[in-house]
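Accompanying notes for the structure given below.
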Amino acid sequence: MSLLDEQSAVTVLGLGPMGRALAGAFLDAGLRTTVWNRTPGRDRELVERGAIGARSAREAVAASDLTVVCVVNYDAADAVLRRDAVTDALKGRTVVNLTADTPDRARDTAVWAAEHGVRYLDGAIMTPTTTIGTPAAVFILSGPEELHREHRPVLDALGGTLTHLGEEIGRAAAYDIALLDIFWTAMAGYAHALAVARAEGITARELAPFAQGIGAIMPPLFGELAEGVDSGDFSGEGNPITSSASSMAHIIHTSEAHGIDAGVMRAAEGLARRVIGLGHGTDGFIRVAEVLGRR
C-alpha cells in the first residue's frame, strides 16, 4: 500500500521542536499523521511512534486534507508551499499555518492561497513546546469561520485552548506580535534589572522572589488599563506620569554609574517626557500608548 492509498487525518510540515510536539500530540490522540521535514532524519522518532514519513513535501500534503505548517518563518514556509508540485497538490485542501511572522505576511500568504485554490487559516502558538497536547496549550487562529469549524475536531487534539479570533486573516499574527511585544520587553527589563542588581551586590537568586512579586502586579493592571485606553481615560490618579519619569531617571542614573547601558529605559523615559510635554502630566503612563499611535 502506498502512502496515498489511505488518507491521513493531518499532515505536519516542519519537524523542529515545536513541529515534533504538534505531530506527537496528533499521534497521542490516535490520529493518522503524516510528517515531513526539509532536513532528513527528523521524523525517525515520530515514525517509530506510528507516523507516516513522507518522501517529499508534495507527497506529504497530498496525504491529508489538512496540513499544519510550523517552520521558522514565512520565508521557510514559502520555500516549501510555493513550489509548483506542492501548490498543485494543495489545491482544494486546507493549510493551517502556525508559523510565526508578521500580519502582512499572513495576508500575503492568504492572497497566494486564494489564487491557487488552497483553503487557508493562519495562526500562532502562544505557549512552549512542553504544553502541547496538555490543558496548558494556547493556540489562536484567524480566517474563514467554516474552515475553523470543519477542522476543529482534529485541531482539538493539540490540547489546551484554541481561539478563533475572526475572519480577518492577519488577526492572529497581530495578536501574536502584540503579546510577544509584552513578553520580550519584559524579558529585556528583567535582564537589565539583573545587571543593575549584580552591580550593587545583589544576586539573581536574591532578587528573584521580589521580581516575582513585581510581576504579579501586572495581570490585574493589564485589564484595568485596557478599559481606560479603549474609553480614552488615561487618568494618572495615584501615579501620574511625572512620578513615573522621575523613577525612570533614577534607574538610568544608577545604571550608567555602573557603566550599564540604559538605552531601553532612556527610550521609555523619553516617551514619558514627550507625554508630559504635550500637556498630559497628570495622566498615567499608559497615555504613552495613545501618543505612540498618533500619525
By counting other Cβ atoms within 10 Å of each Cβ, how are Asp122, Asp101, Asp233 ranked from fewest to most? Asp233, Asp101, Asp122
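If you count the DSSP beta bridges with both ends in the chain, what percent of them are antiparallel, to the nearest 5?
Numbers: 5 of 27 bridges.
Counting DSSP beta bridges with both partners in the chain, the antiparallel share is about 20 percent.
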How big is the charge dipole of region 102-172 about its Cα centre, in debye rounded to the nearest 20, if each Lys and Arg gets +1 on its Cβ and each Asp and Glu gets -1 on its Cβ? 200
Restricting the count to DSSP beta bridges whose residues both fall in region 65-201, what percent are antiparallel, rounded to a multiple of 5? 25
If each of Phe210 and Asp88 carries a label point 7 Å out from its Cα toward its Cβ, how far apart are those two points in nm? 6.7
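How far, in nm, would the chain grow between Val291 and Ile260 when pulled straight, counting 0.36 nm per residue and subtracting the alpha carbon separation?
Working it through step by step, the gained length comes to 8.3 nm.
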If you place +1 on the Cβ of every Lys and Arg and -1 on the Cβ of every Asp and Glu, how big does the dipole about the Cα centre of region 161-268 come out, in debye to the nearest 20? 480
Per-pair calculated FRET efficiency, R0 = 25 Å: Leu179 and Leu278 via Cβ, rounded to 0.05: 0.35
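On a full-extension model of 0.36 nm per residue, what is the gain between Asn73 and Glu146, subtracting their alpha-carbon distance, rounded to one decimal in nm? Numbers along the way, then the final one.
Numbers: separation 73, 0.36 × 73 = 26.28 nm, distance 2.60 nm.
Stretched out fully, the Asn73 to Glu146 stretch lengthens by 23.7 nm.
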Dipole of the chain [Lys/Arg +1, Asp/Glu -1 at C-beta], most positive-end residue of Gly213, Ala77, Thr163: Ala77
Give the order of Thr67, Thr282 when sorted by the count of other beta carbons within 10 angstrom, beginning with the fewest. Thr282, Thr67
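Could you please rank Tyr175, Tyr120, placing first whichever residue has the fewest other Cβ atoms within 10 Å of its Cβ? Let's see the in-between values first.
Details: Tyr175 18, Tyr120 22.
By the 10 Å Cβ count, ascending: Tyr175, Tyr120.
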Farthest positive-ward along region 1-144 dipole, Cα basis, beta-carbon charges - from Thr39, Leu141, Ala124: Thr39
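Taking GluC sites (Glu not before Pro) that fall in a DSSP loop and have at most 16 other Cβ atoms within 10 Å as cut points, what is the longest piece of the chain between them?
Values: sites that count: Glu6, Glu167, Glu168, Glu200, Glu237.
Answer - 7-166.
Read the figures in this text as sums done on the coordinates, not as results from a lab. Fair warning: this is a prediction, and the values are worked out from it, not measured in the lab. Because the Cβ atoms are built from the backbone with ideal geometry, glycine has one as well, and the counts that use them run over all protein chains shown.
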